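The values are calculated or read from the model by the stated rules, or taken from the named source; none is laboratory data. Bear in mind the structure is a predicted one, so any value in this text is a computation, not a measurement. Positions of Cβ are backbone-derived with ideal geometry, glycine not excepted, and every protein chain shown enters the neighbour counts. Just the protein is used for accessible areas: all its heavy atoms, side chains included, with ligands, DNA and RNA removed. Shrake-Rupley method; radii C 1.70, N 1.55, O 1.52, S 1.80 Å.
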Amino acid sequence: TSTFNPENVPATYARVVEPVWRETCVAAAEYGECTQCWAEAESDSPFTNKDDLRDAIMFINSEFSSTGSRCYLFYFHWALLAHRVQCKGLVFGTPKTSNFYHVSGMYLVPAELTISTYKLTSMHSQALEHMLSEADSQGVRMHLPAVVGSVAVNYFPEPERSQMEMTSLTFWFQNNSPAQNREPFECDAGQALFNPHNHPGLNAPNDQDSAEPAGILTHAYPTADCSELATCNRCIADGVMINRTRIATDHLGRHPVLVYHLDQWPCVTAYQEFADAAYREINASAAILVNTHDKVYSLLPAGRESAYNSAIPTYNIMMSCGSRIDKDVDTYVLLPPTDDTGAAIVEGYIEPDKSMETTIITTNVDRVAFSDSCTQCTASQANFNPEQYRSTSNEALAVRTVSSCRSLSSCVECDQEDNVYQTTSGDALETAVVQGRAVLIDMDDVQCIRPLSNVVCDMLDMQATSVVFVSDEEEIKSLWEAHPICSGENSSKLSIPSFMVAKSSGQSLMAASSQSSLSVRTPRIEAGLAIAENLVGTELSSQDIDRGDGNGGSNNSNPFDNTTYIALIATGCVILFAGLLVMGFWFLQRQKKLYAYNQFDMGIQTGNNLLDIMGCPNEEDGQEMDEFGERRNPHSGNHMDPDCRVEKFKDLGCEDV
């Protein structure tokens with residue numbers, strides 16, 4: 001653009017015409033020789049084709065722009081000339097040796113301009129010149145953007161309209177390919193502001209319920225003219241970008257998704273050109289751009305109105321993620337559907353009426369040093385949890401991954417590892433260590449193993465009972481996936497539950513499990529949702545730990561399910577009732593004995609005399625027995641030896657015994 005553009009100019013669409021200068025203006029070798037050129041320009045025009053220039057966009061080609069007329073030194077002079085012959089706009093070309101984007105010149109112009117002035121890049125200058133040289137009688141037409149406040153409308157939309165949330169793309173391998181045992185992998189992806197509205201997306205391969213089948217990745221290569229910057233003019237003029245001879249013919253008609261590596265396409269400067277070419281030349285279902293670095297962006301419709309929408313969706317992924325795509329193996333991609341604004345709908349993958357509220361997992365640690373660990377940890381759920389799963393209490397195991405799997409920049413190395421999991425001490429993880437345990441794993445450790453269902457599948461193969469992910473932030477979110485099905489030999493759906501806890505809670509649990517005995521109890525799951533009401537207030541001890549039988553917990557002995565609760569309560573009631581019966585019998589017997597003592601006279605009941613009387617030996621014979629097998633009224637004194645009794649009463653001073 002230029003600094004001297006008018007305050008406001010509407011967008012313009014018109015023919016492109018090159019001016020033909022008067023000989024007196026071109027032949028002037030010095031500034032002093034321009035008087036004749038100026039005189040002719042004052043009376044008429046310095047151009048001999050002024051009639052053709054009227055209502056057209058004047059284009060000053062790169063050759064003349066570099067040499068120019070010595071009679072007009074500043075760019076605004078040329079703008080004034082175009083204005084006087086009633087052009088719609090002025091565009092300068094740039095020589096091959098230069099690539100200026102802005103037109104230099106005075107800020108103040110001694111005239112009121114009504115047209116806008118622009119300067120092309122060197123590549124597009126050559127392309128336009130080539131098009132003009134081969135154009136038919138219809139010529140070439142150009143669109144100039146509107147000018148508002150002396151500034152042309154942005155090449156990209158305004159920032160507040162240009163930011164879209166990242167989404168994710170999941171890549172799958174064909175079942176009968178050499179990579180059939182490779183797990184699906186996930187890439188963060190930037191969306192395009194020009195994506196079509198209400199697009200159905202592309203679903204997983206062999207999904208019988210899919211409205212649209214999966215798209216097979218097809219790598220796109222440029223034509224010879226489009227692969228070199230020096231020949232971009234012919235590339236743009238021809239209008240053909242993709243080398244069809246390098247497209248796998250067996251991919252056509254199978255919803256191909258074109259993959260563009262951006263470092264191979266020097267002639268393309270607008271993102272929507274990739275989408276347009278993919279749809280126009282190959283009839284592709286989508287386009288994926290692999291960036292030249294490890295960043296993703298919101299792709300904007302450069303040079304067009306923001307209302308423009310392409311026929312197919314376009315996404316961009318990081319270079320490191322793009323390098324994981326094996327060109328020699330048939331690979332499919334899962335694309336999310338879009339809403340009525342063109343934004344990807346992550347929620348469209350699951351049943352909208354299934355609300356995933358947070359739940360509770362309870363823990364217990366043996367050592368006091370880890371008392372700060374949460375005993376009742378708030379946890380999010382996963383939409384790929386099993387439909388039914390009993391509450392289990394298992395010893396926890398902290399698991400890590402090899403270092404190459406913890407960074408997106410080294411995922412290719414991670415893909416080559418035979419066993420990506422290890423213990424916190426660095427030993428390779430084995431089934432014997434995992435079997436019957438609840439696995440704790442940090443989200444930061446699984447950067448290259450996503451989607452997270454891959455981790456759950458792997459732990460299921462090692463016979464874990466559950467997986468608890470540690471979030472990389474304090475906020476926890478529900479774990480959503482569209483097609484969380486285990487790949488490879490274990491092709492069944494996930495049969496163990498998974499949850500996520502906050503970063504601080506999870507890190508303390510991992511530290512505790514590494515240095516002490518930690519048990520984790522997960523809630524019961526009904527209809528795919530965790531039931532947490534029976535967990536609050538429950539205390540666990542090391543005796544509660546259930547190692548499980550390695551079958552995903554479905555047959556684990558569990559002292560905390562509803563059936564066991566009922567049995568424990570019933571047993572307690574029986575024991576309590578029996579205890580009350582025994583205590584009641586003892587009380588009745590005690591009352592009976594006290595009543596017997598109360599049958600003696602007052603004098604006999606007082607002092608130590610009663611004790612002396614009660615100290616007499618029993619009479620051996622003739623004692624009447626009651627229904628309990630005991631002597632009737634044993635404490636009345638009648639059962640005592642008669643001679644002893646006589647002596648005792650005589651000692652009391654009784655004469656008549």
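Identify, from the list L53, L90, the residue that is modelled with pLDDT of 90 or more and either closer than 23 Å to M123 by Cα or under 50 Å from the mean Cα position of the chain (by Cα) (or both). Steps first, please.
Working: L53 fails: either closer than 23 Å to M123 by Cα or under 50 Å from the mean Cα position of the chain (by Cα) (or both).
Result of the check over L53, L90: L90.
Do the conditions hold for E474, that is, is it assigned to a loop (DSSP other than H, G, I, E, B) and out of contact with any His (no Cβ under 8 Å at 6 or more places or on another chain)?
On the way: assigned to a loop (DSSP other than H, G, I, E, B): yes; out of contact with any His (no Cβ under 8 Å at 6 or more places or on another chain): yes.
When the stated conditions are applied, E474 passes them.
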Inset, instruction - Search the range 425-438 for residues that are among the polar types (S, T, N, Q) and pair each with any residue that is open to solvent by 50 Å² or more (accessible area, probe 1.4 Å) when their beta-carbon atoms are under 8 Å apart and the residues are at least 6 apart or on different chains. - result: T431/D461; T431/Q463; Q435/Q463; Q435/R547
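Does T401 qualify as being of a type in the set (S, T, N, Q), open to solvent by less than 10 Å² (accessible area, probe 1.4 Å) and either at pLDDT 90 or above or under 18 Å from A511 (Cβ atoms) (or both)?
On the way: of a type in the set (S, T, N, Q): yes; open to solvent by less than 10 Å² (accessible area, probe 1.4 Å): yes; either at pLDDT 90 or above or under 18 Å from A511 (Cβ atoms) (or both): yes.
The answer is yes for T401.
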Legend entry - Looking only at the range 409-439, and only at residues there that are of a type in the set (S, T, N, Q) and assigned to a helix (DSSP H, G or I), the one that is farthest from V399 (Cα to Cα): S409
Inset, instruction - Please find, within the range 32-53, the residue that is nearest to Y13 (Cα to Cα) out of those that are open to solvent by less than 70 Å² (accessible area, probe 1.4 Å) and part of a helix (DSSP H, G or I). - result: L53
Inset, instruction - May I ask you to say which residue of Q416, Q463 is of a type in the set (S, T, N, Q), touching a helix residue (DSSP H, G or I) at 6+ places or on another chain (Cβ under 9 Å) and crowded, with 17+ Cβ neighbours inside 10 Å? - result: Q463
Inset, instruction - Filter the range 226-248 down to residues that are within 18 Å of N283 (Cα to Cα) and of a type in the set (A, V, I, L, M, F, W, C) and give me whichever is most open to solvent (accessible area, probe 1.4 Å). - result: V240
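Table: residues versus (1) in contact with a helix residue (DSSP H, G or I) (Cβ under 8 Å, 6 or more places away or on another chain); (2) assigned to a strand (DSSP E or B); (3) among the acidic types (D, E); (4) modelled with pLDDT of 85 or more.
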residue	(1), (2), (3), (4)
I325	no, no, no, yes
Y332	no, yes, no, yes
D340	no, no, yes, yes
P352	no, no, no, no
N364	yes, yes, no, no
C374	yes, no, no, no
C377	yes, yes, no, yes
F384	yes, no, no, yes
Legend entry - Residue that is open to solvent by less than 60 Å² (accessible area, probe 1.4 Å), at pLDDT below 80 and out of contact with any Pro (no Cβ under 6 Å at 6 or more places or on another chain), where the choices are F59, F64: F64
